[in-house]
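Participant: Please read through the structure below; I'll follow up with questions.
The values are calculated or read from the model by the stated rules, or taken from the named source; none is laboratory data. Predicted, not measured: the structure shown is a model, and the values here were computed from it. Note that each Cβ is placed from the backbone with ideal geometry, even for glycine, and that neighbours are counted across all protein chains shown.
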Amino acid sequence: MKNFYFALITLSFLTFSGRAQAQDDASANVEQVRKLKGNFHLGITTAVHNTWIKVDNEEELNEHYTYKTTFKWAPVGIVAGYQFNDRQELMAEAYLSNQGQNYNITDDNGNNVGKKTIKLTYLQVPLLWKFMTGDAIRFNLHFGPQAGFLIKGEEVNRLDKTTTVTIPGPSTKTIQAGTYTLAKKEKGDPLDKRVGGLNAVDPSVVLGFGVEKDVTDNLYVSGNLRFNYGFKDIRDTESTRDEFDFDHYILRYNIFGGVQVGLHYVFR
């Protein structure tokens, strides 16, 4: 009987101790979650993009080019975010982004006769809503609008030989061998005004996902895959005919996507 009472007392003590420990652990977890609320963070980013200038073109005899795979660098950016809780965050960025497209210019038989180069440098400013899994190593999904302000850009055709092609009409068009600048905006021109035949502002939408890892209590690294889709012509008109170009372009807009990495400091 004494052994029974001793076992009962021991079991009661262990149960009470376990409950007290569980309550302490729960309180610690609540405190940790509270620490995650209302935090600001600042960071720096860099990215590499596969960039495209998408052409909407439905006319016959109006496609004397082929796309070339084009990679560009977004060398540096800054990011600031406000974390409402361990799952949701509002984030704004500003980064330099080199974009554009390289093409081969072709004749009626598909032979390469030159090159077209479009180079565009934007200050991209996205405003993004981010969802996270909330762990020390966590996944995220983010999306939102983005405005791109053109810093400089140019569209250049270089023909290696004098070429005659068939164009809509039908008729023919001949361009002498040479290098021709079709549109150009210099660095230092106003960011909010159309200059040199190029649009100043490029609106787009952003979708991305990635992973983040805490390095310390105040520092984490991020790696994201991000996709950007524009819906405004890169030129200052949606219908473009140039004297030194074979084709009539109806609409050309930016599409790019790539890998972004960042380092972030959290103010707790």
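Participant: Name the pairs whose Cβ atoms lie under 9 Å apart, with the first residue in the range 55-72 and at positive phi, the second surrounded by fewer than 17 Cβ atoms within 10 Å (Cβ to Cβ), and 6 or more positions between them or separate chains?
Facilitator: L61/D108; L61/T166; L61/P168; L61/G169; L61/P170
Participant: Quick test for you: out of V266, V215, V261, V201, pick the one residue that is within 25 Å of the chain's Cα centre (by Cα) and closer than 23 Å to F71 by Cβ. Give the derivation first.
Facilitator: On the way: V266 fails: closer than 23 Å to F71 by Cβ; V215 fails: closer than 23 Å to F71 by Cβ; V201 fails: closer than 23 Å to F71 by Cβ.
Among V266, V215, V261, V201, only V261 is within 25 Å of the chain's Cα centre (by Cα) and closer than 23 Å to F71 by Cβ.
Participant: Within the range 115-132, is there a residue that is more than 22 Å from the chain's Cα centre (by Cα) and part of a strand (DSSP E or B)?
Facilitator: First, the residues of the range 115-132 that are more than 22 Å from the chain's Cα centre (by Cα): 115-116.
The next check asks that each one be part of a strand (DSSP E or B); those that pass are 115-116.
Yes: one or more hits.
Participant: Would a scan of the range 163-173 turn up a residue that is at pLDDT 95 or above, part of a loop (DSSP other than H, G, I, E, B) and among the hydroxyl-bearing types (S, T, Y)?
Facilitator: No, there is no match, as no residue in the range 163-173 is at pLDDT 95 or above, part of a loop (DSSP other than H, G, I, E, B) and among the hydroxyl-bearing types (S, T, Y).
Participant: To continue, here is another question. Would you mind stating whether F209 is touching a strand residue (DSSP E or B) at 6+ places or on another chain (Cβ under 6 Å) and over 19 Å from I53 (Cα atoms)?
Facilitator: Values: touching a strand residue (DSSP E or B) at 6+ places or on another chain (Cβ under 6 Å): yes; over 19 Å from I53 (Cα atoms): yes.
The answer is yes for F209.
Participant: Further, regarding this structure: Quick check on the range 93-106. Is at least one of its residues surrounded by fewer than 14 Cβ atoms within 10 Å (Cβ to Cβ), among the aromatic types (F, W, Y) and modelled with pLDDT of 95 or more?
Facilitator: No: zero hits.
Participant: A follow-up question, please. Determine whether T237 is outside any strand (DSSP E or B), β-branched (V, I, T) and under 23 Å from S97 (Cα atoms).
Facilitator: Details: outside any strand (DSSP E or B): yes; β-branched (V, I, T): yes; under 23 Å from S97 (Cα atoms): yes.
Yes.
Participant: Let me ask something additional. Select from the range 174-184 the residues that are in a strand (DSSP E or B), surrounded by fewer than 16 Cβ atoms within 10 Å (Cβ to Cβ) and not β-branched (V, I, T) and list them in ascending order.
Facilitator: G178
Participant: Filter the range 132-182 down to the residues that are small (G, A, S) and closer than 30 Å to F209 by Cβ and list them by number. Break it down into steps so the answer makes sense when it comes.
Facilitator: Going residue by residue through the range 132-182, those that are small (G, A, S) are 134, 136, 144, 147-148, 153, 169, 171, 177-178.
Within the range 132-182, G134, A136, G144, A147, G148, G153 qualify.
Participant: Now a separate question. Taking the residues in the range 82-109 that are touching a residue at least 24 places away in the same chain (Cβ under 8 Å) and not in a strand (DSSP E or B) as candidates, determine which candidate is farthest from V266 (Cα to Cα). Spell out how you get there, then give the answer.
Facilitator: Kept after step one, since they are touching a residue at least 24 places away in the same chain (Cβ under 8 Å), are these residues of the range 82-109: 82-108.
With not in a strand (DSSP E or B) added as a condition, the list becomes 84-87, 107-108.
Working: F84: 13, N85: 13, D86: 13, R87: 15, D107: 56, D108: 58 Å.
In this case the residue turns out to be D108.
Participant: While we're here: Going by the structure shown, is F231 under 19 Å from Y122 (Cα atoms) and either surrounded by fewer than 16 Cβ atoms within 10 Å (Cβ to Cβ) or β-branched (V, I, T) (or both)?
Facilitator: Working: under 19 Å from Y122 (Cα atoms): yes; either surrounded by fewer than 16 Cβ atoms within 10 Å (Cβ to Cβ) or β-branched (V, I, T) (or both): yes.
Judged against the criteria, F231 is a match.
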